[in-house]
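Visitor: Please read through the structure below; I'll follow up with questions.
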Amino acid sequence: MSLYAFKTDLNQRVLDWVKATKRRGQDNHLLKNPFVWKFKTIKRDENLIVVIDAKPVLFNYSWFGWITGIVILLLWGATLWVLPFLFIGCLGVFWSAEFMFLMTKKALRKCEYKGKVERLKYSALIREVLL
């Protein structure tokens, strides 16, 4: 569900992180790995482009929260019962590519990578790889 790409310097720490995350992604235990990962690394000059397709194992249940919250709001008005369902609806941010990129950036910093981490739009990715 989250397909995103980023560009870093060609660094061994980033390559080690990708390799370790791929290995961790092979574990089917939900608590250890709640995602199904696919990685593609592309080396261009002094840069490394990483394309990640991250699919959470759990389905995106945030729609249930939004729809139930709207139904409660229409039937009974603004009551306190609507708040938990709106909160469940807001949990949909965990399925977005922006959130996944921020967590990837945080993971790279935790691996002591100090270089640039630049998110690539799809047009920039095509330009970098194909042209």
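Visitor: Please find, within segment 55-70, the residue that is farthest from L83 (Cα to Cα) out of those that are among the polar types (S, T, N, Q) and either without any contact (Cβ under 8 Å) to a residue 40 or more places away in the chain or assigned to a helix (DSSP H, G or I) (or both).
Guide: S62
Visitor: Answer yes or no: is there a residue in segment 105-128 that is closer than 22 Å to A5 by Cβ, of a type outside the set (S, T, N, Q), over 18 Å from the mean Cα position of the chain (by Cα) and at pLDDT below 85.
Guide: Checked against the condition, which is being closer than 22 Å to A5 by Cβ, of a type outside the set (S, T, N, Q), over 18 Å from the mean Cα position of the chain (by Cα) and at pLDDT below 85, segment 105-128 yields at least one hit.
Visitor: Let me ask something else about it. Of the residues R44, R24, which single one is within 27 Å of L131 (Cα to Cα) and loosely packed, with under 13 Cβ neighbours inside 10 Å?
Guide: R44
Visitor: For segment 24-56, which positions are modelled with pLDDT under 80 and among the aliphatic types (A, V, I, L, M)?
Guide: L30, L31
Visitor: I would also like to ask the following. Of the numbered conditions (1) surrounded by 15 or more Cβ atoms within 10 Å (Cβ to Cβ); (2) assigned to a loop (DSSP other than H, G, I, E, B), L73 satisfies every one except a single condition; which is it?
Guide: (2)
Visitor: Somewhere in segment 94-104, is a residue touching an Asp or Glu at 6+ places or on another chain (Cβ under 7 Å) and surrounded by 12 or more Cβ atoms within 10 Å (Cβ to Cβ)?
Guide: For segment 94-104, residues touching an Asp or Glu at 6+ places or on another chain (Cβ under 7 Å) and surrounded by 12 or more Cβ atoms within 10 Å (Cβ to Cβ): absent.
The values are calculated or read from the model by the stated rules, or taken from the named source; none is laboratory data. The structure presented is a predicted model; accordingly, all values stated were derived computationally and were not measured. When we count neighbours, we look across all protein chains shown, and the Cβ atoms used for this are built from the backbone with ideal geometry, even at glycine.
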